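We did not get these values from a lab; they are worked out from the coordinates using the rules stated. Since the model is a prediction, treat every value here as computed from it, not as a measurement. Backbone-built Cβ (ideal geometry, glycine too); neighbour counts: all protein chains shown.
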Amino acid sequence: MNENHPWKSLIVWQKTHYLILDIYSLTKKFPSDEKFGITQQIRRAAVSIANNIVEGKSRSSDKEYVHFLYISRGSLEETRYLVLLSYDLGFIDQEVNNRIESLCSEISFLLNRLIKSINK
């Protein structure tokens, strides 16, 4: 199946997919009045990380691929901030905040390594 979807074999995409599933699960518990606020924004930001990895991998040049990876990195930082904001607002606890931050750090490291390897 990865032959049709080469991005599925990327560890950075796999980790991002787990992050998205985690974000969706935890935001189900957010206050209902945040449905069109932080809940929607954090979900979109997290999905954007993976979308841009996929779109970049599907492009025809390394230059385009790296461009989309940079966009993905920006979406990752947006997600990190929204997780911090959710913690500060009391929507998530310290343990969840730490778990997601750790995963975001890992994804950031992998994105940076991928960008560096393509630019060589």
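The fewest-to-most ranking of 8, 15, 63 by surrounding Cβ atoms within 10 Å reads 63, 8, 15. Estimated from helices alone, the mean residue ellipticity of the chain at 222 nm is -26000 deg cm²/dmol (sum of -39500 (n - 2.57) over DSSP H runs with n ≥ 4, per residue).
Each 5 Å bin from 0 upward holds the following percent of the Cα-Cα pairs of the chain: 2, 12, 23, 23, 17, 11, 8, 4, 1, 0.
Coupling constants for the range 99-111 follow from the phi torsions by the Karplus curve (6.51 cos²θ - 1.76 cosθ + 1.60, θ = phi - 60°), and in residue order they are 4, 5, 4, 5, 5, 4, 5, 5, 5, 4, 4, 5, 4 Hz; glycine and proline get x.
Axis angle, to the nearest 10 degrees, between helix 62-88 and the longest C-alpha principal axis of the chain: 10 degrees.
Pairs 63/120; 15/35; 57/120; 63/116: which are spaced more than 19 Å apart, C-alpha to C-alpha? Write out the running numbers ahead of the final one.
Values: 63/120 11 Å; 15/35 25 Å; 57/120 16 Å; 63/116 12 Å.
Too far apart for the 19 Å limit: 15/35.
The C-alpha atoms of the chain define a longest principal axis, and helix 38-57 lies at about 10 degrees to it. The residue 36 and residue 117 beta-carbon pair, evaluated with R₀ = 41 Å, returns a calculated FRET efficiency of approximately 0.55.
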